[in-house]
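A short write-up of the structure that comes next.
The values are calculated or read from the model by the stated rules, or taken from the named source; none is laboratory data. Just so we're clear, the structure is a prediction, and the values are computed from it rather than from any experiment. Note: ideal-geometry Cβ built from the backbone for every residue, glycine included; neighbour counts use all protein chains shown. Only protein heavy atoms, including side chains, enter the accessible area calculation; ligands, DNA and RNA are left aside. Shrake-Rupley method; radii C 1.70, N 1.55, O 1.52, S 1.80 Å.
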Amino acid sequence: MKVLVCVKQTFDTEAKIDLKDGKISDAGINMIINPYDEVAVEEALQVKEKGLAKEVVVVSAGSDKAVEAIRTALAMGADRGILVKQDADADEFARAKVLAKIISDEAPNIVLAGHVAADDGSSQVPTRVAEILGWPHINVATTLEIADGKATCNCEADGGNQITEVALPAMISTQVSLNEPRYPSMKGIMQAKKKPVDTVEAEAVESKAKIIEFALPEAKAAGKKLEGEPEELALAIADFIKNEAKVEIKK
Amino acid sequence: MAGTWIFVEQRDGNIRKVTFEMLSEAQKWGDEVSAVVFGKGVAGLAPELAQYGAAKVLVAEDDIFAEYNTGAYVAQLAAMIEESSPNAVLFAHTFNGRDLAARIAQKLELGLATDCLEADISAGKGVFTRSIYAGKALAKVEIASAPVMGTIRAGVWEVTENAGAGEVVNVDVKATAADVYQNVKEFIPTVSARPELTEADVVVSGGRGCKGPEGIALVEELADLMGGAVGGSRASIDSGWLGHELQVGQTGKVVNPTLYIAAGISGAIQHLAGMSSSKFVVSINTDEEAPIFSVTDLGAVGDLFKIIPTLIEELKK
Ligand SMILES: Cc1cc2nc3c(=O)[nH]c(=O)nc-3n(C[C@H](O)[C@H](O)[C@H](O)COP(=O)(O)OP(=O)(O)OC[C@H]3O[C@@H](n4cnc5c(N)ncnc54)[C@H](O)[C@@H]3O)c2cc1C
């Protein structure tokens, strides 16, 4: 079996966001693998370590710099990488088209990808890729079991959890609670340098959605910070709840 | 190309509030608003949908729609869109809503704006405001493919009553068993008498500062007094004090209540991502330097174990 993982390079989740010339500035920002995709990489490695797969391939669509995210995944233990060079302003439709093309060429048995990216928060790409491929998809998986040509996941659903089974090949999009990603070892980092990474140009796909403006949210006006005896503080909060927030109390 | 369709989020006939929020807001765009509902025995929901402005209620009734499943829902909705060409189709940004919307968007080769906070929809065009970088920035996205598609965050729009005709239109069932490719073996509902986090008007969250189940019990008692939901930081979820579905933040839920109370939560950027758009924030923290205070309307520097019991007594008065 072959496992393919889609990874996106994103800003560190601690990053402070600034605008420059009307766009999000990446100056001085530490770049990481999208944390949800990092979980997908870890899961792929565990599938391989269980002897269920022979190869873990990591694919990223993005700028030249995204190769760093691929190298990190290789350092964690993935076998090889593919960088698909694509414009930063490609939308989810264009990203999905390009990734689906690589996936059909690679013909893996299972594709893992984070269910959402920490930067644009759009949670579309894995779902769209599955649709292009005509594959089943399990969204927001918190466990994964593979047996008898099927994948079974516990996944988050509205109002609860559900256990869903699909036939392979399938797309599984991962929630962060799926596992605890390993840190690359020194040895892993050295080995990653020698692992193959192919670079291909993305086919031209016209985006359907266009960002026309970026903005920063209005900073919240500084509130009141009270110090004093616990009783006084409790009274002040009770007053705020009843008279400012106007919350009804159920006695 | 006419009409705004609102896809109804419901389970067992209970409609989620975000559906009413979308129906209410959609009145502003001047186009006829239809509610689209799939399920088993759901035609009876029409009067409730009409109350918030649905002129029509497009109903697809079949056993195959009894529970959400991607394949059947996509087949049905895509066929309906192709037949009727609505101007816009909006979904709730829930697990099901975003799964369905993204799959439909790809099938029909459309743009889609997800997790939107604002929408301005006109003939053939939609401009959506989305929160990006976990709420640290905003992006305006223009969708010009038809129909315009978006998923909307719960709690950002007001619910307003606005009587619509609610004319029930039974649509032909187009999905077949062959469209179903997911075998949902079991659904395990979260059993809670409290409101759903993303829809609650009041959320009381406890963090590591709660130190254990006793601290969390105080948070729960306070929430119950206000009919609120209970949430937590990752620290309290990871410690096993609260279920993972109650995590607030970047990797948890984004909440939008009128009142958010943070007890023993430091206010890490990933936590703020899930609660900073709350209308009023009250924080209780022993550390006067805690970052949570920067997004707080009323902060109390002190020990939650001393403050919350008195607060509970005071509210009960
Ligand atoms: C990729 C990524 C995603 C993440 N996603 C999330 C997420 O979705 N949600 C989330 O919450 N976190 C998330 N985190 C974790 C986040 O960075 C913080 O570690 C976490 O929010 C800390 O939780 P806390 O505030 O409860 O704990 P701490 O930061 O340990 O804060 C505890 C607070 O309690 C106060 N305190 C202690 N005793 C008392 C007392 N008796 N009375 C009152 N106050 C007291 C302390 O002063 C302190 O401020 C994420 C991290 C990463 C890297």
Legend entry - Residue tally, condition within 20 Å of residue B:257 (Cβ to Cβ), open to solvent by 20 Å² or more (accessible area, probe 1.4 Å) and at pLDDT 95 or above, over segment B:292-317: 2
Inset, instruction - Within segment A:144-153, track down each residue that is open to solvent by 40 Å² or more (accessible area, probe 1.4 Å) and within 12 Å of chain B (Cβ to nearest Cβ). - result: A:145, A:150
Inset, instruction - Quickly run through segment B:230-244 and pick out the residues that are touching a strand residue (DSSP E or B) at 6+ places or on another chain (Cβ under 8 Å) and closer than 19 Å to residue B:134 by Cβ. - result: B:231, B:232, B:233, B:234, B:237
Inset, instruction - Could you list all residues from segment B:193-229 that are within 14 Å of the ligand (Cβ to nearest atom), under 12 Å from residue B:255 (Cα atoms) and part of a strand (DSSP E or B)? - result: B:203, B:204, B:205
Legend entry - Entirely in segment A:7-125, the strands (runs of 3 or more DSSP E) that have 2 or more residues that are hydrophobic (A, V, I, L, M, F, W, C) and out of contact with any His (no Cβ under 8 Å at 6 or more places or on another chain): A:31-33, A:55-62, A:80-85, A:110-114
Inset, instruction - Return only the number of the condition from (1) touching a residue at least 60 places away in the same chain (Cβ under 8 Å); (2) surrounded by 22 or more Cβ atoms within 10 Å (Cβ to Cβ) that residue B:197 does not satisfy. - result: (1)
Inset, instruction - Identify the residue in segment A:126-164 that is modelled with pLDDT under 95 and part of a loop (DSSP other than H, G, I, E, B) and, among all such residues, is farthest from the chain's Cα centre (by Cα). - result: A:159
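Hey, among the residues in segment B:38-59 that are at positive phi and not in a strand (DSSP E or B), which one's surrounded by the fewest Cβ atoms within 10 Å (Cβ to Cβ)? Write out each step before concluding.
Narrowing segment B:38-59 to residues at positive phi: B:39, B:41, B:53.
Now drop any that are not not in a strand (DSSP E or B), which leaves B:41, B:53.
Numbers: B:41: 10, B:53: 24.
Restricting to residues being at positive phi and not in a strand (DSSP E or B), the top hit is B:41.
Name the single residue, out of those in segment B:238-276 being hydroxyl-bearing (Ser, Thr, Tyr) and more than 9 Å from every other protein chain (Cβ to nearest Cβ), that is surrounded by the most Cβ atoms within 10 Å (Cβ to Cβ).
Here is the first cut: in segment B:238-276, the ones hydroxyl-bearing (Ser, Thr, Tyr) are B:239, B:251, B:258, B:260, B:266, B:276.
Going one step further and asking which of them are more than 9 Å from every other protein chain (Cβ to nearest Cβ), we end up with B:239, B:260, B:266.
Working: B:239: 17, B:260: 29, B:266: 19.
For segment B:238-276, the residue satisfying everything is B:260.
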Inset, instruction - With respect to residue B:160, determine if the residue is closer than 30 Å to residue B:32 by Cβ and part of a helix (DSSP H, G or I). - result: no
Inset, instruction - Exactly one condition in (1) among the aliphatic types (A, V, I, L, M); (2) under 20 Å from the mean Cα position of the chain (by Cα); (3) within 14 Å of chain A (Cβ to nearest Cβ) is not met by residue B:26; state its number. - result: (3)
Inset, instruction - Specify the residue that is nearest to residue B:199 (Cα to Cα); the eligible residues are those in segment B:277-291 that are surrounded by fewer than 24 Cβ atoms within 10 Å (Cβ to Cβ) and within 12 Å of the ligand (Cβ to nearest atom). - result: B:291
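Name the residue that is nearest to residue B:180 (Cα to Cα), counting only residues in segment B:60-90 that are within 12 Å of another protein chain (Cβ to nearest Cβ) and either of a type in the set (Ser, Thr, Tyr) or surrounded by 24 or more Cβ atoms within 10 Å (Cβ to Cβ) (or both). First the steps, then the outcome.
If we filter segment B:60-90 for residues that are within 12 Å of another protein chain (Cβ to nearest Cβ), which is where we start, we get B:67-71, B:74-75, B:78.
Checking the rest, the ones that are also either of a type in the set (Ser, Thr, Tyr) or surrounded by 24 or more Cβ atoms within 10 Å (Cβ to Cβ) (or both) come to B:68, B:70.
On the way: B:68: 11, B:70: 7 Å.
Here the answer is B:70.
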